[in-house]
Protein chains: 4
Amino acid sequence: MDYQEVLQQARTCIGPFCKACPVCNGLACKNTIPGPGAKGIGTGFIRNYQKWQELCVNMDTICENLPVDTSFSLFGHTFAAPIFAAPVGAMKMHYGDKYDDLAYNSILVSACADAGIAAFTGDGMDPAVMAGAISAIASADGDGIPTVKPWDMDTIFQKLDAIQAADPIAIAMDIDAAGLPFLKNHQPPAGSKTVSELKEIIQYAHRPFILKGIMTVRGAEKAMEAGASAIVVSNHGGRVLDQCPATAEVLPSIAEAVGNRMEILVDGGIRSGMDVFKALALGAHGVLIGRPYVTMVYGAGAEGVQIYTNRLMAELKDTMSMCGAHKLSDIRRDMLHSF
Amino acid sequence: MDYQEVLQQARTCIGPFCKACPVCNGLACKNTIPGPGAKGIGTGFIRNYQKWQELCVNMDTICENLPVDTSFSLFGHTFAAPIFAAPVGAMKMHYGDKYDDLAYNSILVSACADAGIAAFTGDGMDPAVMAGAISAIASADGDGIPTVKPWDMDTIFQKLDAIQAADPIAIAMDIDAAGLPFLKNHQPPAGSKTVSELKEIIQYAHRPFILKGIMTVRGAEKAMEAGASAIVVSNHGGRVLDQCPATAEVLPSIAEAVGNRMEILVDGGIRSGMDVFKALALGAHGVLIGRPYVTMVYGAGAEGVQIYTNRLMAELKDTMSMCGAHKLSDIRRDMLHSF
Amino acid sequence: MDYQEVLQQARTCIGPFCKACPVCNGLACKNTIPGPGAKGIGTGFIRNYQKWQELCVNMDTICENLPVDTSFSLFGHTFAAPIFAAPVGAMKMHYGDKYDDLAYNSILVSACADAGIAAFTGDGMDPAVMAGAISAIASADGDGIPTVKPWDMDTIFQKLDAIQAADPIAIAMDIDAAGLPFLKNHQPPAGSKTVSELKEIIQYAHRPFILKGIMTVRGAEKAMEAGASAIVVSNHGGRVLDQCPATAEVLPSIAEAVGNRMEILVDGGIRSGMDVFKALALGAHGVLIGRPYVTMVYGAGAEGVQIYTNRLMAELKDTMSMCGAHKLSDIRRDMLHSF
Amino acid sequence: MDYQEVLQQARTCIGPFCKACPVCNGLACKNTIPGPGAKGIGTGFIRNYQKWQELCVNMDTICENLPVDTSFSLFGHTFAAPIFAAPVGAMKMHYGDKYDDLAYNSILVSACADAGIAAFTGDGMDPAVMAGAISAIASADGDGIPTVKPWDMDTIFQKLDAIQAADPIAIAMDIDAAGLPFLKNHQPPAGSKTVSELKEIIQYAHRPFILKGIMTVRGAEKAMEAGASAIVVSNHGGRVLDQCPATAEVLPSIAEAVGNRMEILVDGGIRSGMDVFKALALGAHGVLIGRPYVTMVYGAGAEGVQIYTNRLMAELKDTMSMCGAHKLSDIRRDMLHSF
């Protein structure tokens, strides 16, 4: 099976909102929530994808003909590539009945670990979701990153306590989940957190902490001040606020401001190894990919994850070698045209 | 009923020119006048809408988790949100037989007052239109803004005299109505007014006076010189002159020039609370929304006005909280990307 | 009859290449030559039209409410508006059998004179074309501008001799006709002329001389040096060379360079009085309009010319009054947005 | 037969991937490989074509009316025009069964020589391809340029040895062929070469050497350092790496950096003599054209090559004369608008 065949298979069991499109670019699903679309008029997802496509790479093949190494280190762990599966939740509501969050995470986490990368898991109203994620990560020897929603402080502390059992690489919080309707109306109040609240959370977590949902230099500086080890430059795939800039648009200035002092990951519309290369050239250290891993799991389970990850790595290697980069640290911003 | 259901209902009784489109963006009606379209080749309306969509907002959820307050003060009055229904006239000609101007204004003015905002009313050839508007505003305890067309001076003075009975918040004049065909051929001559004529009118009005139809810095300065308390940056929704810039394009420089010395309102293609947020970030203090309130009244009368206003306020609150603004004065220009 | 009705009538007798489109913008005819299209891949005409549309005007109605005067002087003659019908030739080949060049010019010249403007006439292989034009202009008391192609010098001198009988306002040469296939292969050789050849021609003509087909500052300076009284900034409607810039793109720099020392006319995609206003704001003193006058003559003869000219003047007046210009000399570049 | 008739004929025997489109612009074939499309999502080819179209030329016909001379010298040889047929290989796989590489090259090389220009020939896995190319070039008295793929050094030396028999004008290497799948997996390893490896190859070749596949200033400087006499600014028509900039985008800076010290050729989306003019105005000395020559050979063999070459020369001459350039060295960058 190749990538397109897995997609074809996914079309038989995913839906009705996701169409497992040949290119996952936000056009067919637009603003369908429930479903994989974006908030408001639905252009957030489309713009994320489009802005990567507008970047051009500088080919240069006058160089040594060496093998290309995509290996990536984060928090003392080494991965086959700077790629993570992004956290996705409420699978039944958005992608159809084939999987609930527990079944999805259980396939995804181990398949990613087997493919040499790692998955972020999501969080949910039902405590069983986080419990399942913890057990999936524990089974993968900690190769996974649980993501806690910005609940009230007490709930967060309880979740952090439970997470320690999985001994994960790191812990993440999608701080921009404040924009999700179910969180907005939650009792006790959930959502935005101040720097000092985040400091408390991060000290309590006692592990490398990743703040996901940063879209401004100022936000990145607050994340640093709060003690985060990494940020994910992300607009939640357009699902928490309409008409944000694309992540590719804000990444360069954020990377310039804090990139030498913390790890920078990015997500939003990254679909190919070429896109991964561009993200790294703009200053990210690694990327997260969300919706495409969903279609892979629906289409072919663990095998789908492997097929897509291999494809991403092959495309990344190809782009690197054609631009004269033989390891990730060789990728420079001037490998993009007009930068 | 939600917003889309009211639109669906409107489609059964509005028309034939207005289609009560899912998004009111000037594409379907284009240059239909009579009808809700724009003048000339009809791109004025389309551009107004489009330019708001091109602006992106800077999400930042690392902040206090506070309730958001959209309350707005103008001329000593407080409103639930910085939103007004714009003046619309000749309802039967442009939107169909269900309502004449009197019936429309009578529903709109009280429904807006009930929703915590206020309506501008229009003016017409038939003196009964202004008389009806005055009585509707009086019934709403002055919560409404009558708009006088730029007739000859004597007619204006007579209308201003009559308006005092309604004790309205303010009085407006759509100075750009000079471009409407019926006004162009009016006897005695109507249309453009000099600064000194406007001074005379404004002194006579003896109330906060709003000049609507300002599209340049120089026009704004003349409005100030004439003694206007506020301007509406507006191209009359594209209906008085083809191929004006969008209001979103001229608002920033006008706000920089006079924004700290007078109130600035803006209209043209504003459809969502996200658009309202962008207008305020560009320097407006409040906005007017025209055509969408028409479809709401045709679809569901006062209830439609309430549903749409609630929706606008919810969207505005959501955007504010996701960008870290908890009251209107927190909204800054740098909450827009690339500003 | 109004403009759209004349067009509708034209559709019954024009063609098969010209479709008498609602808006004459080069899309339907594209690269049809024979026919009204443009050379090469046909984008020259389309771009001409498009670039006028991209300009926006600055509305400002805080001004005196005065009548608008569009009267225009050129070489001591006064016209109702700064508008000329452009020279068009080979009517049967490009627009259908209804008219040959003689019949077309004979209607056009007198109808333009009656409408208060003037027509440029074309030239052709057949000497009868120029002879007919001369007689049409003579009948209109010299109210017309014969256009001589850049033949060999002797032929030009003979044509200039013959033209004197018509006592025309001025004489023009479309120097860019060098790009027309029939001229390229002409014997004796025709086409490009040097400054010194043009000097000789212009002195011989002994009347105000208009060089048509100037697209660069350097070309305008050469026209001045050769003694031309006026230029027409023109790319021959895209018919002599593919992928020229639009005339609206090159007009501003040409006007800055020579606009205070010679008359500047412009053509290419000008369709409405709004477009005329924009051309004047960019520095032109007057405009030529070609294809639309053809459809008017095919549709309704002299009446069509009158209807379209009235429409252009009404649109020009409307735009002027809405931008606060009461006579042509009031039109300034800063009446365009971003200029 | 004219160009469109040859294309029509080609449609009966080419395919199934190539459609012999009226304009060969990458839209219909997109990312079909096998076939004439581009790699990845297929936009490389489309962008190449598009960027030439976006350039506008400055018409100026006030000049001497002289014949236009397109003759071009390279490495002591003179050609009728600065145009080469580009190397294309694996004809059966990409364009259909009518021709194998040997038959194609044998027609193309002699037809180009007869038309006054020269062809580059391709290379292949099967040694017979290069052998056939050598024999075709020898038969044309050396009027052709064999292109060696970047094999391992030994294979390259053997190929260079064999090539000497043809006594060709020059020898080329498409260094960017490193991105072709079959080369990537070749044993012994083929692909990228260092400057010092290229030095060795070029010294061994002992003839003017052309490095094809340069897309950056730095790559051009490395080519110079390695001793190349010429480069081809090329992204291999989008077939070796997705989302490169168009060659028209990188040509100006490369020409500025090395254009006075080495010959610069360019390919990618050049289809007309107008495009050739633009390439020369941006600093190239000559151009290569690939896919269109394939459709010409499929459609009409040697006659097709002649027809298309004549057409290109006529268009080039026409553009030159309309911009006031009478020989290639008259073409200046300021003959393009906004340069």
### Query
All but one of (1) closer than 30 Å to A:HIS337 by Cα; (2) at pLDDT 95 or above hold for A:CYS18; which doesn't?
(1)
### Task
Look through region B:28-51, keep the residues that are more than 13 Å from every other protein chain (Cβ to nearest Cβ) and in contact with a Lys or Arg (Cβ under 6 Å, 6 or more places away or on another chain), and return whichever of them is farthest from B:ILE289 (Cα to Cα).
B:ALA28
### Query
Does C:GLU5 fit the bill of being within 30 Å of B:LYS212 (Cβ to Cβ) and acidic (Asp, Glu)?
no
### Query
Taking D:GLY304, is it more than 22 Å from D:SER253 (Cα to Cα), small (Gly, Ala, Ser) and either in contact (Cβ under 8 Å) with a residue 40 or more places away in the chain or more than 14 Å from every other protein chain (Cβ to nearest Cβ) (or both)?
yes
### Query
Would you call A:GLY268 among the small types (Gly, Ala, Ser), closer than 24 Å to A:SER73 by Cβ, within 14 Å of chain B (Cβ to nearest Cβ) and touching a residue at least 40 places away in the same chain (Cβ under 8 Å)?
yes
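For region C:282-307, enumerate the residues that are among the small types (Gly, Ala, Ser) and either farther than 21 Å from C:THR247 by Cβ or surrounded by fewer than 24 Cβ atoms within 10 Å (Cβ to Cβ) (or both). If you could, list the steps in order and put the result at the bottom.
If we filter region C:282-307 for residues that are among the small types (Gly, Ala, Ser), which is where we start, we get C:283-284, C:286, C:290, C:299-302, C:304.
If the condition is that a residue be among the small types (Gly, Ala, Ser) and either farther than 21 Å from C:THR247 by Cβ or surrounded by fewer than 24 Cβ atoms within 10 Å (Cβ to Cβ) (or both), then C:GLY283, C:GLY290, C:GLY299, C:ALA300, C:GLY301, C:ALA302, C:GLY304 are the ones that fit.
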### Query
Within region B:105-124, how many residues are closer than 15 Å to B:SER71 by Cα and crowded, with 21+ Cβ neighbours inside 10 Å?
5
### Query
If you check A:ASN310, A:ASN260, which single one turns out to be over 15 Å from the mean Cα position of the chain (by Cα), surrounded by fewer than 22 Cβ atoms within 10 Å (Cβ to Cβ) and not in a helix (DSSP H, G or I)?
A:ASN260
### Task
For region C:61-69, indicate whether the set of residues that are away from every other protein chain (no Cβ under 14 Å), surrounded by 17 or more Cβ atoms within 10 Å (Cβ to Cβ) and not charged (D, E, K, R) is non-empty.
no
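Name the single residue, out of those in region D:240-250 being outside any helix (DSSP H, G or I) and touching a Leu at 6+ places or on another chain (Cβ under 9 Å), that is nearest to D:LEU55 (Cα to Cα). Please lay out each step first, then the result.
As a first pass, look at region D:240-250 and keep what is outside any helix (DSSP H, G or I): D:240-246.
Now drop any that are not touching a Leu at 6+ places or on another chain (Cβ under 9 Å), which leaves D:240, D:243.
Details: D:VAL240: 25, D:GLN243: 20 Å.
So, considering only residues that are outside any helix (DSSP H, G or I) and touching a Leu at 6+ places or on another chain (Cβ under 9 Å), the one nearest to D:LEU55 (Cα to Cα) is D:GLN243.
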### Task
Taking A:ILE289 as the residue in question, decide whether it is within 30 Å of D:GLY191 (Cα to Cα) and more than 10 Å from chain D (Cβ to nearest Cβ).
no
#### Entry: Residues located in region A:39-65, provided they are modelled with pLDDT of 95 or more and among the hydrophobic types (A, V, I, L, M, F, W, C)
A:PHE45, A:ILE46, A:TRP52, A:LEU55, A:CYS56, A:VAL57, A:MET59, A:ILE62, A:CYS63
### Query
Does A:THR61 count as under 18 Å from the mean Cα position of the chain (by Cα) and more than 24 Å from A:ALA10 (Cα to Cα)?
no
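Check whether at least one residue in region C:210-218 is more than 30 Å from C:PRO34 (Cα to Cα) and facing another protein chain (nearest Cβ under 10 Å), and report yes or no. Give the steps one after another, and end with the answer.
To start, the set of residues in region C:210-218 that are more than 30 Å from C:PRO34 (Cα to Cα) comprises C:217-218.
So of that shortlist, the ones also facing another protein chain (nearest Cβ under 10 Å) come out as C:217-218.
Checking region C:210-218: at least one residue is more than 30 Å from C:PRO34 (Cα to Cα) and facing another protein chain (nearest Cβ under 10 Å).
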#### Entry: Failed item, numbered, when A:ASN25 is tested on (1) in a helix (DSSP H, G or I); (2) within 14 Å of chain D (Cβ to nearest Cβ); (3) within 13 Å of A:GLY237 (Cβ to Cβ)
(1)
### Task
Name the single residue, out of those in region A:142-166 being touching an Asp or Glu at 6+ places or on another chain (Cβ under 8 Å) and away from every other protein chain (no Cβ under 14 Å), that is farthest from A:ASP267 (Cα to Cα).
A:LYS159
### Task
Just one of (1) among the small types (Gly, Ala, Ser); (2) crowded, with 23+ Cβ neighbours inside 10 Å; (3) within 11 Å of chain D (Cβ to nearest Cβ); (4) not in a loop (DSSP other than H, G, I, E, B) trips up C:SER253, so point out which.
(2)
### Task
Restrict the check to region D:183-193 and report whether at least one residue is out of contact with any strand residue (DSSP E or B) (no Cβ under 6 Å at 6 or more places or on another chain), of a type in the set (Ser, Thr, Tyr) and either more than 13 Å from A:MET59 (Cβ to Cβ) or modelled with pLDDT of 95 or more (or both).
yes
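For region A:50-96, name all the residues that are small (Gly, Ala, Ser), under 30 Å from A:GLY37 (Cβ atoms) and either out of contact with any helix residue (DSSP H, G or I) (no Cβ under 8 Å at 6 or more places or on another chain) or assigned to a loop (DSSP other than H, G, I, E, B) (or both).
Within region A:50-96, the first condition is being small (Gly, Ala, Ser), and the residues that meet it are A:71, A:73, A:76, A:80-81, A:85-86, A:89-90, A:96.
Imposing the further condition that a residue be under 30 Å from A:GLY37 (Cβ atoms) reduces the set to A:81, A:85-86, A:89-90, A:96.
Correct list: A:ALA81, A:ALA86, A:GLY89, A:ALA90, A:GLY96.
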### Query
Which of the residues belonging to region A:124-144 are charged (D, E, K, R) and modelled with pLDDT under 95?
A:ASP126
### Summary
Here the qualifying pairs (Cβ atoms under 9 Å; residues six or more apart or on different chains; first in region C:310-334 and more than 10 Å from every other protein chain (Cβ to nearest Cβ); second basic (Lys, Arg)) come out as C:LEU312/C:ARG271; C:MET320/C:LYS327; C:ALA325/C:ARG332
### Task
Working carefully through the options C:SER229, C:SER234, find the one that is in contact with a strand residue (DSSP E or B) (Cβ under 8 Å, 6 or more places away or on another chain), of a type in the set (S, T, N, Q) and crowded, with 24+ Cβ neighbours inside 10 Å.
C:SER234
### Query
Which of (1) within 30 Å of D:PHE182 (Cβ to Cβ); (2) more than 14 Å from chain C (Cβ to nearest Cβ) does D:ALA115 not meet, given it meets every other one?
(1)
### Task
Give the residues of region A:170-185 that are touching a residue at least 40 places away in the same chain (Cβ under 8 Å) and either within 11 Å of another protein chain (Cβ to nearest Cβ) or surrounded by 21 or more Cβ atoms within 10 Å (Cβ to Cβ) (or both), sorted by residue number.
A:ALA170, A:ALA172, A:ASP174, A:ASP176, A:ALA177, A:ALA178, A:GLY179, A:LEU180
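With the requirement that a residue be part of a loop (DSSP other than H, G, I, E, B) and not β-branched (Val, Ile, Thr), what does region A:208-239 give you? Outline the logic, then answer.
The initial filter retains those residues of region A:208-239 that are part of a loop (DSSP other than H, G, I, E, B), namely A:208, A:215-216, A:226-229, A:234-235, A:239.
Scanning region A:208-239 gives A:PRO208, A:MET215, A:ALA226, A:GLY227, A:ALA228, A:SER229, A:SER234, A:ASN235, A:ARG239.
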### Task
Quickly run through region A:122-146 and pick out the residues that are β-branched (Val, Ile, Thr) and in contact with a Leu (Cβ under 8 Å, 6 or more places away or on another chain).
A:VAL129
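The values are calculated or read from the model by the stated rules, or taken from the named source; none is laboratory data. What you are looking at is a predicted structure, and each value in this text was computed from that prediction instead of being measured. Backbone-built Cβ (ideal geometry, glycine too); neighbour counts: all protein chains shown.
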